[in-house]
Structure formats: C-alpha cells, structure tokens
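Report on the following structure.
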Amino acid sequence: QVQPVESGGGLVQAGGSLRLSCAASKQSFGTYAMAWFRRAPGKEREFVAAINWLRNTYYAGSVKGRFTISRENGKDTAYLQMNSLKLEDTAVYYCAVRRQDYRLDEKEYDFWGQGTQVTVSS
C-alpha cells in the first residue's frame, strides 16, 4: 500500500513561488508514476503534472513553463515547484501514485493524498 502525504501548501502573492512535496511510503517506489492534480473552488479536479520512474514528465498546458515536477526515488518523494503563480492556480493540490507509467486521467491512479491548499492572492 502506498500512502502519499502532501506538504508545502500555503498563501502566496501572485507572481510568487511555492514548492509542494509528496512523500510516499516505501513500496517498490521505483516503478511508480507520480502526479499532481488540483481542484479549484467550484471546478472539477484536473491534471497538473506527472513524472514516471525514468523522470519523464508531462504538464498541463496551463502550467507548462511555470511548474516543474521532480522526484527523488531514494526518498520516495516527488516535488512540484510552482513559479509565477497566478490567481487561477488557487486550488487544493493532490498527489497521486499509480503503478507503471503515468496517465492523465485521475481514474487511472490507485493512491491519493489528502491534499494541500494553495491560495494565490492579488
């Protein structure tokens, strides 16, 4: 069983930066893909970014060039560096883990964290 735990959310001004972390319990971590999703107020949860065990990455168009996903397999941890934050980035951010390669559909993910709030103010 993999239980992701997110941290690093908070309040930041527009244009600022935050780094989210996702720590997963040790379970054959090397062959897992990790992803970040987010749910803004009144909206559906959406894909943000994903990374596989080869460190191949994929980003949603709305965050590409501003967000960077990375991982440290030895620490079973993934990160989401968020720069140039915008008001529309305000959301609860969720870390998700799935066996094998990443997918963009949240239904494909087996394990989810509880989420961490990111609020961007003007």
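The values are calculated or read from the model by the stated rules, or taken from the named source; none is laboratory data. Computed from a prediction, not measured in an experiment: that's the story for all the values here. With ideal geometry, Cβ positions are generated from the backbone for all residues, glycine too; neighbour counts draw on all protein chains shown. Just the protein is used for accessible areas: all its heavy atoms, side chains included, with ligands, DNA and RNA removed. Shrake-Rupley method; radii C 1.70, N 1.55, O 1.52, S 1.80 Å.
A few points about this structure:
- Among ALA49, ALA23, ALA35: highest mean-square fluctuation, GNM of the chain, C-alpha pairs under 10 Å: ALA23
- Kirkwood estimate for the chain, i.e. one over the average of 1/r between Cα atoms, Å: 14.0
- The chain - share of DSSP beta bridges that are antiparallel (%, nearest 5): 90
- 14 Å beta-carbon shell around LEU18, net charge (K/R +1, D/E -1): +2
- Residues of the range 79-122 with an amide N closer than 16 Å to a point placed 7 Å from the Cα of GLU44 along the Cα-to-Cβ direction: 104-109.
- Label-to-label distance for ASN56 and GLN81 is 2.3 nm, based on points extended 7 Å past Cα in the beta-carbon direction.
- With a Cα cut-off of under 28 Å and a minimum spacing of 8 residues unless on different chains, the lysine pairs in the chain number 10.
- Computing FRET efficiency as 1/(1 + (r/R0)^6) for ARG66 and SER25, where r is the C-beta to C-beta distance and R0 is 41 Å, gives about 0.90.
- Alpha-carbon centroids, the range 1-57 and the range 85-122: separation in whole Å: 5
- Under a Gaussian network description of the chain, with springs only between Cα atoms under 10 Å, the residue in LEU18, LEU87, LEU104 that fluctuates furthest is LEU87.
- Surface analysis of the chain yields an accessible area of 51 Å² per residue, using protein heavy atoms and a 1.4 Å probe.
- Computed from backbone phi, the HN-Hα couplings of the range 114-122 come to 7, x, 9, 7, 10, 10, 10, 10, 8 Hz, rounded to whole numbers (Karplus: 6.51 cos²θ - 1.76 cosθ + 1.60, θ = phi - 60°; Gly and Pro given as x).
- Taking a sphere under 15 Å around the Cβ of LEU87 and counting the other residues whose Cβ falls inside, with K and R at +1 and D and E at -1, yields a net charge of +2.
- Restricting the range 1-110 to GluC sites (Glu not before Pro) in coil, as DSSP defines it, with at most 16 other Cβ within 10 Å: GLU44
- Built amide H within the under 5 Å cut-off of THR90, gap 5+: VAL120
- Accessible surface of the chain [probe 1.4 Å, protein heavy atoms]: carbon and sulfur percent: 46
- Total formal charge among the other residues, if their Cβ is under 9 angstrom from that of GLY115, Lys/Arg +1 and Asp/Glu -1: +1
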